[in-house]
Structure formats: structure tokens, C-alpha cells
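Below: one structure, written as C-alpha cells.
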Amino acid sequence: MRGQAPGKIILSGEHSVVYGAPAIASAVALYSYIDYTPVKGSDLIAEFMGIEVHSNHPIAKLSPLVSFLDRQFQKFVDGAIQVDKILSSPVQLVLYVLASQLPTQSLSAHFNGNSQLPIGAGMGSSASIIAAAVVLVESINKKPLSPVERYKLVKHCERLQHGKGSLIDAATVILGGVVQLQEQRVEKLPLRLDEHWYWLFTGTPQCSTGECVSYVADNHADDSVLWQSFEQCTKAMISQLQANQNPSDIIRENHDLLSHIGVVSERTQEVVGQLAKRGASAKISGSGAFIGDSSGLLLVYAKDIDAEQLFAGFNMKWGRLEQDIQGARIVS
């Protein structure tokens with residue numbers, strides 16, 4: 001049995017969602033998966049290729065692990081530890097989902113996972129692997145959850161990774177397609193992306209999403225005109241996608257706004273400028289960064305341009321953005 005979940009990419013509204021404006025994201029056809037094979041014994045066997053983990057975990061110690069991680073999270077909330085101290089290993093994130101949701105008799109199994117998503121790229125890798133675990137748990141338990149219950153559970157578990165789970169990440173990887181978030185309200189939009197979208201990874205940001213959001217808040221929280229401009233960008237992006245029109249102007253406008261609030265490095269702005277000279281438009285997809293050269297993932301739109309020529313010379317990972325419509329699911 002296999003649970004599988006897509007990654008995601010933010011189309012618009014990276015920071016403005018904090019101020020009540022909408023944000024939209026699309027699920028992408030790059031997947032995390034977890035296979036489940038029952039075994040005899042008293043251990044849970046965890047094998048995750050992406051993080052090079054192969055470990056045995058006594059089932060008797062898994063319930064205490066869940067309680068320990070809940071206490072670690074509370075210490076973070078209280079300011080006693082930093083967010084990166086909640087987990088001591090990435091595999092604990094998946095163990096938390098499995099051990100908190102499965103009965104003891106179902107934990108005696110081999111859980112084999114992997115992900116096609118680049119880690120730290122802003123493509124929702126943690127939400128994706130959690131979502132794969134959530135649908136797998138649901139199938140093992142034979143207790144169907146509603147889509148809302150699923151993405152709320154993903155958000156709850158992801159808090160261990162980032163300090164605060166992302167509702168738009170959780171909803172997008174669970175629902176698939178294009179998802180809009182505004183004022184904590186989730187809506188799946190009937191939008192399709194054409195074949196002219198790409199992603200380009202500028203490198204892992206040197207600051208976390210939470211740190212970036214705090215930086216922007218400290219410098220721009222009271223600028224209502226700015227956030228209205230972000231909101232107009234998102235609404236214009238939705239309109240362009242609905243009409244199947246070229247969104248290049250909206251992407252460039254969004255990029256200028258993100259540069260204004262200080263989350264696009266000079267190096268990334270140079271990359272965006274080079275892409276523009278080659279006929280493409282680009283902007284960051286995610287929180288970006290206010291320090292360092294890397295800004296995470298770039299969303300790129302390029303019509304009638306050879307992709308190999310477009311990204312030649314950047315020495316960065318890139319790919320064609322293929323949309324996932326189904327979201328997290330069990331696959332044979």
C-alpha cells in the first residue's frame with residue numbers, strides 16, 4: 001500500500017496572506033510517497049531514501065516520542081528553544097504522524113519513503129511527506145477523513161518542522177489543483193496551468209519562513225496601500241488564469257512588490273533580469289529571504305522559448321511545472 005502526495009508552488013500572495021489578502025498555490029506533479037508493508041516483530045522499520053535514513057524503532061518507545069515532541073513544541077512556543085531544536089531528525093516528523101494516528105498493532109511494519117521534491121526549495125516537501133503519511137494512515141485504519149480533516153491534520157503535524165504549519169501548503173498538497181487561502185478560508189479553484197510554466201531553484205534561503213515573515217512585518221506591516229497592491233496582483237493572476245491569458249505583466253508586477261519589501265536578494269534579482277532578457281518573467285514562490293544570496297524557488301513563465309536555452313548558464317536546478325489535480329491519495 002502506498003500513500004502519495006504532490007508538492008506545491010505559490011502562484012501569488014506569498015506575504016500578503018498574513019494581512020488578510022488572498023494567496024493562491026498550485027499542486028505540482030512531483031511527489032512524496034510512503035509504502036506500507038506489515039512485518040512480524042515489535043519494531044517499526046523506517047527507510048527514507050531522500051534523507052538516507054534506515055532505522056528500527058521499538059514500538060513501545062513511539063508513544064513516548066509523540067509526547068516528547070509535543071513537549072518540545074511547547075518549549076518552542078514558550079521561547080525556551082529554537083524551532084530547529086523541536087526535531088532531532090527529519091524522520092521524527094513522519095514517526096510522529098504514524099505513532100499518533102495508528103494503533104499499536106499496525107505499527108509493526110516497514111515504512112519505505114522517498115520524495116521527488118528538492119528539500120528546502122519552498123515546494124512543500126514537509127507538507128507533502130506528511131500528507132502521504134496521513135492518507136496512508138487513513139487507509140490502514142479504514143476510517144475515512146474529510147478533505148478538511150486531512151489538511152488540518154497535515155497542518156497540525158507540520159508545526160513540528162516550521163513552528164507553525166502552513167495551511168496553504170497543507171490544503172494544496174491534500175486537495176490538488178489550484179487552492180486559494182484568505183482569512184483561513186480554503187477554496188479549490190477550477191484553474192489549469194498551461195505548458196509554459198517552470199520552476200528554478202536559486203538555493204535554500206539562509207532565514208526561515210517565520211523569520212522572513214517577521215522581518216516583513218517589522219518593516220511594512222502598517223503599509224495598507226502595499227498590501228492592497230499585493231491583493232490586486234493576486235486577483236489579477238486569478239483573472240488571467242481564468243481567461244487563459246499571458247500572466248507575464250502580473251508576474252513582473254508581483255516581483256517588483258516582493259523586491260520592494262526586501263525578500264529578493266540582489267543575486268536573485270539579477271537572475272530574474274537575465275530571464276527577462278531571454279523573454280521570460282519570474283518571481284519568487286515562497287517567503288524569499290532578507291539575507292544571503294539565495295531566495296528559494298522562482299516561478300517562471302516563458303512562452304515559445306526553448307527551456308534548455310532559457311536556463312542555460314545558471315547552474316541551478318529547474319523543471320517544467322506540471323500540475324497535479326488529484327492531491328494526496330493511495331496508489332497501487
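Each value in this text was obtained by applying a stated rule to the coordinates, not by laboratory testing. These numbers come from a predicted model, not from an experiment. Every residue, glycine as well, gets a Cβ built from its backbone with ideal geometry; the counts of neighbours run over all protein chains shown.
In this label model, residue 42 and residue 108 are separated by 1.0 nm, measuring between points 7 Å along each Cα→Cβ vector. Measuring r between the beta carbons of residue 159 and residue 322 and using R0 = 35 Å, the FRET efficiency lands at 0.75.
Dipole magnitude for the stretch 45-102: computed about the Cα centre from +1 point charges on Lys and Arg Cβ and -1 point charges on Asp and Glu Cβ, it is near 180 debye.
Post the alpha-carbon centroid distance, the stretch 284-332 to the stretch 229-265, in whole angstrom. About 16 Å separates the Cα centre of the stretch 284-332 from the one of the stretch 229-265. Could you give the angle, 0 to 90 degrees to the nearest 10, between helix 224-242's Cα long axis and the longest principal axis of the Cα atoms of the chain? It works out to around 80 degrees. A viscosity of 1.002 mPa s and a temperature of 20 °C, combined with the Kirkwood radius over Cα pairs in Stokes-Einstein, give a translational diffusion coefficient for the chain of 105 µm²/s.
Across the stretch 264-284, the residues whose backbone nitrogen lies under 20 Å from the label position 7 Å along the beta-carbon direction of residue 291 are 264-269. Distance from the alpha carbon centroid of the stretch 192-217 to that of the stretch 1-71 works out to 20 angstrom. Using every pair of separate Cα atoms, the Kirkwood estimate puts the hydrodynamic radius of the stretch 197-320 at 14.9 angstrom. Computed over the stretch 66-202, relative contact order equals 21 percent, with contacts defined as Cα pairs under 8 Å that lie 6+ residues apart. The residue 303 and residue 88 beta-carbon pair, evaluated with R₀ = 45 Å, returns a calculated FRET efficiency of approximately 0.45. Just need the relative contact order of the stretch 1-154 here, percent rounded to a whole number, with Cα pairs under 8 Å and 6+ apart. The normalised contact order for the stretch 1-154 reaches 33 percent.
Arranged by the count of other C-beta atoms within 10 angstrom, fewest first, what order do 157, 207 take?
207, 157
Backbone geometry of the stretch 95-105 corresponds, through the Karplus equation with coefficients 6.51, -1.76 and 1.60 at θ = phi - 60°, to 3J(HN,Hα) couplings of 4, 4, 4, 5, 6, 7, 10, 9, x, 4, 5 Hz, x marking Gly and Pro.
The long axis of helix 125-141 is offset from the longest Cα principal axis of the chain by roughly 40 degrees. Loop-resident GluC sites (Glu not before Pro) (DSSP state other than H, G, I, E or B) in the stretch 250-332 with no more than 15 further Cβ atoms inside 10 Å of their Cβ: 322. Backbone geometry of the stretch 169-176 corresponds, through the Karplus equation with coefficients 6.51, -1.76 and 1.60 at θ = phi - 60°, to 3J(HN,Hα) couplings of 4, 4, 5, 5, 6, 7, 7, x Hz, x marking Gly and Pro.
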